[in-house]
Amino acid sequence: MIFLFKELAHTLAYPLALQITTDEEMGGENGTGYQIERGIRGDFVIASECGSNFSIVHEAKSRLVVKLIANGKTSHSAYPWLGENAIWKLQQTIHSILQHYPPPAEEAYRTTVNITRMQTQGEEKSEVAYNRTPDYCEALLDVRYVPAEKDLIVAQLQSLLTEGVEMQILHNTVPHQTDANNSYIKILQEVGAPILRKKLPVIKQHATSDVRLYSAVGCDGIEFGPIGKNQHAEEEWVDIKSLEQYYDILKAFLLSLNQFKQSSFDKNEPIDNNSSSNDYTHHRAHAQHISFPLHL
């Protein structure tokens, strides 16, 4: 994307932005979020997520991170009746939540809950004595919920708390959603098909990206990247040949938009994103601002 930006940005008839950040895996608030707060916008945003495998991701689950906290009463572990084990209290809530949101046995586009951390006495004073009933226990839950549940998920989790357990919201994002019939998506499909010799599918994804931050301020966008696998795991990889194809597709996409400068930009006519036509050449199409977030 960097080479493509250097090659084309100064030749195009519309603004093109390349956004390079380093904190996408930590939430993106200090990179993309910081810039959006200061007015950065895009008519259409493409996040180069490796692993989309040339699929066009128009919607992704949102992320909610909550901390569950249970308080009990300490005692010698040989006399459990004299104490209240905070771990057992928290386990009851976790069981209640997982009963409502059971871990899927196979891929399914629905809300999931994953326990990513559990500890006693807080992060700096984790319980070390094995013969002591813990009077404190906390757990972090990583909740990935479908956009349809964005107004319901917090209340639903709170209703599943058992006695003696409280919940704190640490992170909650706006879902990434762009109409699958968006005209920019149709143009990308049109120019990508002859390069890959197949149609680019439009899909929904489980993990999110910084595109969600643009969705929060009304900007359309997608995740679209080369072939790769094993994100966040051992032996993460990207296919080198697919990088060349990715370059060619994006170049064709940007140049195709440039062809319509006189028919739309001069008349200040935006792309009709409500059109269902697959023939993008009949649109008075022009990207007034295309943004490419590149997360390193």
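The values are calculated or read from the model by the stated rules, or taken from the named source; none is laboratory data. Everything quoted here is computed from the prediction, not taken from an experiment. Cβ sites come from the backbone with ideal geometry, for glycine too, and all protein chains shown count toward neighbours.
Quick look at the values:
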{"quantity": "Options Ser62, Ser55, Ser77, Ser96: the member that is more than 30 Å from Asp220 (Cα to Cα) and touching a Phe, Trp or Tyr at 6+ places or on another chain (Cβ under 9 Å)", "calculated": "Ser77"}
{"quantity": "Unique match (being in the same structural domain as Leu82 (by TED's automatic domain parsing), modelled with pLDDT under 95 and buried (at least 16 other Cβ atoms within 10 Å of the Cβ)) among Val128, Val211, Val146, Val165", "calculated": "Val146"}
{"quantity": "Residue that is surrounded by the most Cβ atoms within 10 Å (Cβ to Cβ) [pool: residues in the range 168-189 that are of a type in the set (A, V, I, L, M) and within 19 Å of Gly221 (Cα to Cα)]", "calculated": "Leu188"}
{"quantity": "Given (1) outside any strand (DSSP E or B); (2) buried (at least 19 other Cβ atoms within 10 Å of the Cβ), number of the condition Leu68 does not satisfy", "calculated": "(1)"}
{"quantity": "Options Ile249, Ile240, Ile195, Ile187: the member that is among the β-branched types (Val, Ile, Thr) and within 12 Å of Ile56 (Cα to Cα)", "calculated": "Ile187"}
{"quantity": "Hey, Gly31 within 15 Å of the chain's Cα centre (by Cα), in the same structural domain as Val238 (by TED's automatic domain parsing) and on the phi > 0 side of the Ramachandran plot or not", "calculated": "no"}
{"quantity": "Selection status of Val57, assigned to a strand (DSSP E or B), farther than 30 Å from Asp135 by Cα and touching a residue at least 40 places away in the same chain (Cβ under 8 Å)", "calculated": "yes"}
